[in-house]
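Visitor: One structure, pasted below without further comment.
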Amino acid sequence: MKLSDLRVSWRQLLAEPAYSLVVVLGLAVAIAAGYLIAILLMDRWLPDPTVPAPDRVVRLEFKGNIPGRSDDWFDSSPYVFRDELLKDKAPVTQVTRVLDDELTLRAGERLSRVKIMFTDPDIEPMFGLKALQGDLKAALQKPDAIALTPVAAERLFGRTTDIVGQRVRMRGQDVTVTAVVPVQAGNSQLEFDAIANFDSPSNGLDDRAKKAWYTVSGRVFARLADGATPAQMSTLLQDMFDRSPGTRESPPEWSANGRKAGFMRATSLSRLPFDGARQSTSLMLYGALTAVAAAMLTLACINYVNLSSVRTLRRQREIAIRKSLGASPMRLAGQFITESTLVALLAGVLGLLLAWMLAPAMSDLLDAHFTAKLLAPLQLAALALGCVVLGCLTGLYPARVALGVHCAPALQGRKQSEGSRGRQLRRAMTVLQFGAALTLSGAAVIVVWQSNYIAGLDMGFQTANRLAVNLPEDLKPDQYRSLFDALKASPAVQSIGASRDVPGSNSVGMVDGLSNGATKVQARMSAVDLDFLKTYQVPILAGTLDGLQLPEARPAPDAPPLQDRPIVLDSTAATALGFATSQDAIGASLKRGRNSERTVRVVAVVGAIKQEGARNIQQPQAFVPARYGMAVLTLQGKDMAAMRAAVNDIWPRYVPDEVVDMIGVDEQLSQRYRLDRNTGLLIAGTSLIALLLAGFGVYALAAYTVQRAALEIVIRKLHGAGHRHIAQLLIKEFLPLMGLAALVSLPLIWWLGQQYLAGFVERANMGGWPLLAALMGTLLMAGLAGLRHGLAAMAMRPILALRD
């Protein structure tokens, strides 16, 4: 690349600013998207560099196999496996449990709600955790110690230094800050503001949860000993589970005829992004993003090649003069490759600026943090090298066109074409542009349509104008009742109900058996108070809750199970249990529990309810009225802002040591499909860009077609051809290309749609509308892009064309 070639290339770009803007901006948008997605994939697929030998660290994962359910793998497992692995001397060197929670910490008068991780001391060497200040090992070994990140320290103390030895209060316990640890990378499996010992009194877990075999409470990690493999560990874990008391005590039908009551496996950290639990959606998303980035870059390159080829044909006299003055083929090709490389480098600089500007929006859309710095030297060097390679590749075809120019005809003013092979190549590139635009448009319609459909599903309860207030676990009964009564008396609150969860926020929930003689079903159990159904406007089909007497206090852990407890069924559960009508179920006595050790009495039947997500099968639902064990208060009123203000005013009077945690029910439930919705918007935006790029390709091809067929057009006009005949000439050029693109793309759109929708139980009935919408959108863009040159062809004056 010579400096003189670079100066000529720069002057050529300045000479045609509109052309330069189109090609540079098109490439810049594609480069920005590709750069951001490459950074994201690198951040997600590469393990945390601070973890020593990440392929030797495994996460234990569990999958239930309850009859009638279709649970996916959990990224958590029963905590009991930690003790069992150590007791059985399994081939592991370190094992640690992790419980993630959100608690309020108090330092003096400052309150801050933080993400806290309760874990075992083995977490430090396993994940390579280092202290910025103090002694992290002491924080993990002492139940009354804690380690903070600088972010949490700043919130609590207003500084990040000289905090070791300070005291903070957590769930009524005073603990000492013994270390400050850095915030973990975005691709780490650990996300926390504070760390404490797993056996801290503030943990909140009882011994039953720590020792249960069929309760998925949190995550368990292990470092494999030398020679052990994740596959061997998976086999060992499955064998331990099959022989466990949890399997033996489960209902007989769970393990009848050789059926597994559940599954266990171990997945290494390096394979979690690909094989780990809950990764199928992420893998589909990242695969789609990779395809989108590749498609955008390909379309931008095709767009540049098309436009630069037309521009090269217009420069035939200049090229002929260069050849006549002795420019060698290598020098001439180098000039055009230099021009393309300059365009790519300029697009790279602009693309880097766009990437920096779009990174916050991409982070919000994809729930991702771009840990790898966009302006890091290694990334910048890779970007520059990629732009040079891109420029060289896109400059090859314009260089070929330039080398094919014959000097004598060009100097005489006779126009030359790129030849039949060149025209075929250009048409193939146009077909590829149309096909990519069609495919992206169709995919966007499918994803957005499905997202809107599942967002509007009728779940059997109302969520609008409802505010969920999360309660601390250690809230005393008198505090709970006083807070409840104060909120209920507020003029902003029309109704208030309590439950263990916000309905629909947990796609799995607690499942238990209900039997009516020979019929037994697995039903989702939800603890609620007597006002819950009214607050969520759940219709009662039969029975009543009026006058129902409930226990006043939580029974002791060692107390025998309460018998003949009242229970509310939804119509799905009532039908599954064999009741012909809702009224038939009222007063029925049912056996509850894995081994039917308790009895419950049906007091009401409500309409069918779906708390599971759109990807899960709807389960029978049962509600257990109770006065204790509630974690959420739901307020219903006409004005959300007024209810928030009431909570902010009332909360400090009764819960002074906790930061209030509240969220709109609609907002919380919408988080389930946020990634799907944002993915659809991202693909829709990409498809719009693809359509614009395809439009530029049509524009270039139409310009070339009119230029090449100018003589034919005027001869037709001289023989009486009207505007309709001239339009037909252009339509004949583009219609076969559109037909070929549709022939390839429409089946691909259908296949991609089926693959995407296969992950949903609830699917929108779209029919062929996505295919038709994509086709009509692409045809409209093609028509608009070719309109200018079509009108120019119709207005062409024969005398000027013949003179040329």
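Visitor: Out of the strands (runs of 3 or more DSSP E) lying entirely within the stretch 423-538, which hold 3 or more residues that are β-branched (Val, Ile, Thr)? Spell out how you get there, then give the answer.
Guide: Values: elements: 466-470, 495-499, 510-516, 519-528.
So the answer is 519-528.
Visitor: Report the residue count in the stretch 245-279 for those that are exposed (fewer than 15 other Cβ atoms within 10 Å of the Cβ) and in a loop (DSSP other than H, G, I, E, B).
Guide: The number of residues fulfilling the criteria is 3.
Visitor: Among the numbered criteria (1) open to solvent by 10 Å² or more (accessible area, probe 1.4 Å); (2) part of a helix (DSSP H, G or I); (3) in contact (Cβ under 8 Å) with a residue 40 or more places away in the chain; (4) in contact with a helix residue (DSSP H, G or I) (Cβ under 7 Å, 6 or more places away or on another chain), which one does GLY351 miss?
Guide: In the conditions (1) open to solvent by 10 Å² or more (accessible area, probe 1.4 Å); (2) part of a helix (DSSP H, G or I); (3) in contact (Cβ under 8 Å) with a residue 40 or more places away in the chain; (4) in contact with a helix residue (DSSP H, G or I) (Cβ under 7 Å, 6 or more places away or on another chain), GLY351 misses (1) alone.
Visitor: Let me spell it out: the conditions are (1) in a helix (DSSP H, G or I); (2) small (Gly, Ala, Ser); (3) farther than 28 Å from SER363 by Cβ, and ALA152 meets all of them except one. Which number is the exception?
Guide: Only one criterion in (1) in a helix (DSSP H, G or I); (2) small (Gly, Ala, Ser); (3) farther than 28 Å from SER363 by Cβ is unmet by ALA152, namely (3).
Visitor: Right, here's the next one. Pull out all pairs, ordered by first then second residue, where Cβ-Cβ is under 6 Å, the residues are six or more apart or on different chains, the first lies in the stretch 462-488 and is within 14 Å of TYR654 (Cα to Cα) and in contact (Cβ under 8 Å) with a residue 60 or more places away in the chain, and the second is open to solvent by 50 Å² or more (accessible area, probe 1.4 Å) and not in a strand (DSSP E or B).
Guide: GLN479/TYR654; SER482/TYR654; LEU483/TYR654
Visitor: Which residues, taken from the stretch 355-374, are modelled with pLDDT under 80 and either open to solvent by 70 Å² or more (accessible area, probe 1.4 Å) or among the acidic types (Asp, Glu) (or both)?
Guide: ASP364, ASP367, HIS369, LYS373
Visitor: Further, regarding this structure: Of all residues in the stretch 148-188, which are touching a residue at least 60 places away in the same chain (Cβ under 8 Å) and among the aliphatic types (A, V, I, L, M)? Steps first, please.
Guide: Here is the first cut: in the stretch 148-188, the residues touching a residue at least 60 places away in the same chain (Cβ under 8 Å) are 167-172, 184-188.
Passing the criteria: VAL168, MET170, ALA185.
Visitor: In the set ARG644, ARG627, which member is modelled with pLDDT under 90, closer than 30 Å to LEU483 by Cα and not β-branched (Val, Ile, Thr)?
Guide: Of the residues listed, the single one that is modelled with pLDDT under 90, closer than 30 Å to LEU483 by Cα and not β-branched (Val, Ile, Thr) is ARG627.
Visitor: With the checklist (1) open to solvent by 30 Å² or more (accessible area, probe 1.4 Å); (2) out of contact with any helix residue (DSSP H, G or I) (no Cβ under 9 Å at 6 or more places or on another chain); (3) of a type in the set (Val, Ile, Thr) in hand, flag the one item THR535 doesn't pass.
Guide: Result: THR535 passes all but (1).
Visitor: Any residue at all in the stretch 71-84 that's in contact (Cβ under 8 Å) with a residue 60 or more places away in the chain and part of a strand (DSSP E or B)?
Guide: Yes - at least one qualifying residue is present in the stretch 71-84.
Visitor: For the stretch 303-327, give me each residue that is open to solvent by 50 Å² or more (accessible area, probe 1.4 Å) and among the small types (Gly, Ala, Ser).
Guide: Correct list: SER324, GLY326.
Visitor: Continuing with the same structure: Please specify each residue of the stretch 140-164 satisfying the condition of being under 21 Å from ASN203 (Cα atoms) and surrounded by fewer than 21 Cβ atoms within 10 Å (Cβ to Cβ).
Guide: Here is the first cut: in the stretch 140-164, the residues under 21 Å from ASN203 (Cα atoms) are 140-149, 152-153, 156.
Within the stretch 140-164, GLN141, LYS142, PRO143, ASP144 meet the criteria.
Visitor: With respect to ALA131, determine if the residue is open to solvent by 10 Å² or more (accessible area, probe 1.4 Å) and hydrophobic (A, V, I, L, M, F, W, C). Spell out how you get there, then give the answer.
Guide: Numbers: open to solvent by 10 Å² or more (accessible area, probe 1.4 Å): yes; hydrophobic (A, V, I, L, M, F, W, C): yes.
Yes; evaluated as a whole, the condition is true for this residue.
Visitor: Could you tell me whether any residue of the stretch 219-226 is among the aliphatic types (A, V, I, L, M), more than 25 Å from ASN616 (Cβ to Cβ) and crowded, with 18+ Cβ neighbours inside 10 Å?
Guide: Yes, the stretch 219-226 contains a residue that is among the aliphatic types (A, V, I, L, M), more than 25 Å from ASN616 (Cβ to Cβ) and crowded, with 18+ Cβ neighbours inside 10 Å.
Visitor: Can you pull out the residues in the stretch 200-242 that are in contact (Cβ under 8 Å) with a residue 60 or more places away in the chain, part of a loop (DSSP other than H, G, I, E, B) and over 30 Å from the mean Cα position of the chain (by Cα)?
Guide: SER200, GLY204, LEU205, ASP206, ALA212, TRP213, ALA225, GLY227, ALA228
Visitor: So which residues in the stretch 55-70 are in a helix (DSSP H, G or I) and surrounded by 18 or more Cβ atoms within 10 Å (Cβ to Cβ), if there are any at all?
Guide: Hit for the stretch 55-70 is ARG56, nothing else.
Visitor: Considering the stretch 658-691 alone, what residues qualify as being of a type in the set (Val, Ile, Thr) and crowded, with 20+ Cβ neighbours inside 10 Å?
Guide: Result: VAL665, THR679, ILE683, THR686, ILE689.
Visitor: Quick one: would you say TYR704 is crowded, with 16+ Cβ neighbours inside 10 Å, modelled with pLDDT of 70 or more and out of contact with any Cys (no Cβ under 8 Å at 6 or more places or on another chain)?
Guide: So TYR704 fails the test.
The values are calculated or read from the model by the stated rules, or taken from the named source; none is laboratory data. All figures in this text were calculated on a predicted structure; none of them were measured in a lab. Note that each Cβ is placed from the backbone with ideal geometry, even for glycine, and that neighbours are counted across all protein chains shown. Note: areas computed on protein heavy atoms with side chains; ligands, DNA, RNA excluded. Shrake-Rupley method; radii C 1.70, N 1.55, O 1.52, S 1.80 Å.
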